[in-house]
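Data first, discussion second: the structure below is written as structure tokens.
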Amino acid sequence: MPATTGTPSADSLSTAVAAAAPPVLAEVVRSGFVEGQHRGSLVLLDAEGRVELALGDVAAPIFPRSSNKPMQAAAVLRAGLALSGERLALAAASHSGETFHLALVRTMLAEHGLTAGQLLCPADLPLDPVEAEAYLAAGAVRDRTTMNCSGKHTAMLAACVLNDWPTASYLDPDHPLQKLVLTVVEEASGEPVTALGTDGCGAPLAAISLTGLARAFRHFVTAAPGSAERRVADAMRVHPEYVAGTRRHDTWLMREIPGALSKMGAEAVQAVALPDGRALAFKITDGATRSLGPILSRALHLLGVESEVLARVGRAPLMRTPLMGGGVEVGEVRAVF
């Protein structure tokens, strides 16, 4: 008699894996032939905050990475730090390491009696490849102020100085500032943080769902004027070049789509909110940023955005790897939802 129990067959395992896999959001097309795919999950919210489109598991926790930075910046404001304008935008930034970014980081350190040696983010080169080449050509070396999260770390240290909190342990999850960050994340997202990790810069990293991330961005743009959340959103939108850089898609979107709030995170995370409350968030499973631009353009189009900038976001230096053949471009990464 054939066995009815035991090890699952290869076919049944393949079926189970396929059923659990996130949907394909983008295809890699070379010479008209689909040679690869990028899977992920994506959520769109309408102006009332209701889920309008969900692809994949948008309730599962993810690490938003630097898309959490607006919430971290709001926490330093709640801690009493008086930041505004470019300084507040830089506190929520993954800056490119351009000259004006580095100058303001160093100015902010001096304003609060701090030194670069107190920053606990790792030494790094500028995030923007063009800036990194110029930086190295000038004979400079990796530095903590050059690391793309240095604005956030400077603001966190300044909040500690203001409150007489320990500065040597400001990245400890049990530190008063990090507990405040956790509160802001949970309030803005409307859900509990399900896991804590360590981000690339060393800061505690709170896991929430994509739906929670989209709702957090919606919360920031619809918050009452003068609130910490609205102050962060307004500073980012007025000074978008300090949030990212002159060659970065977050800057372009906030500059060219009136009232938009945009922030990407490592491992291909993106969140955007529009001033009327519409919002989106997505995560590409394999972390491939080359798929981020086409997916973001398509998602904003489905959200009802019409702007020339959508055709350009996929060509930002940090978001696009051309498919080359013999020195010429022979393909593209395209959204398929």
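At-a-glance table
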read-out: Charged-residue dipole, Cβ positions (Lys, Arg, Asp, Glu), the chain about Cα centre, Debye nearest 20; value: 220
read-out: Accessible solvent surface per residue of the chain, calculated while the other protein chains remain in place, 1.4 angstrom probe, Å²; value: 42
read-out: Protection proxy ranking of 207-218, 182-193 - average other beta-carbon atoms within 10 Å, highest first; value: 207-218, 182-193
read-out: Using alpha-carbon coordinates, inclination of helix 99-111 to the longest axis of the chain, degrees; value: 50
read-out: Eligible lysines near Lys179 by straight Cα distance, threshold 17 Å, same-chain separation 8 or greater; value: Lys69, Lys152
read-out: 222 nm mean residue ellipticity, helices alone, for the chain (DSSP H n ≥ 4; -39,500 (n - 2.57); rounded to 500); value: -11000 deg cm²/dmol
read-out: The chain: angle of helix 292-302 to the longest principal axis, Cα-based, in degrees nearest 10; value: 80
read-out: Accessible surface of the chain [probe 1.4 Å, protein heavy atoms]: carbon and sulfur percent; value: 54
read-out: C-alpha long axis of helix 176-189 to longest principal axis of the chain, angle in °; value: 50
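The values are calculated or read from the model by the stated rules, or taken from the named source; none is laboratory data. Just so you know, these numbers come straight off a predicted model, no measurement behind them. All Cβ positions, even for glycine, are placed from backbone atoms using ideal geometry, and neighbour counts span all protein chains on display. The protein model used for the area step is the full one, side chains on, heavy atoms only, and it has no ligands, DNA or RNA in it. Shrake-Rupley method; radii C 1.70, N 1.55, O 1.52, S 1.80 Å.
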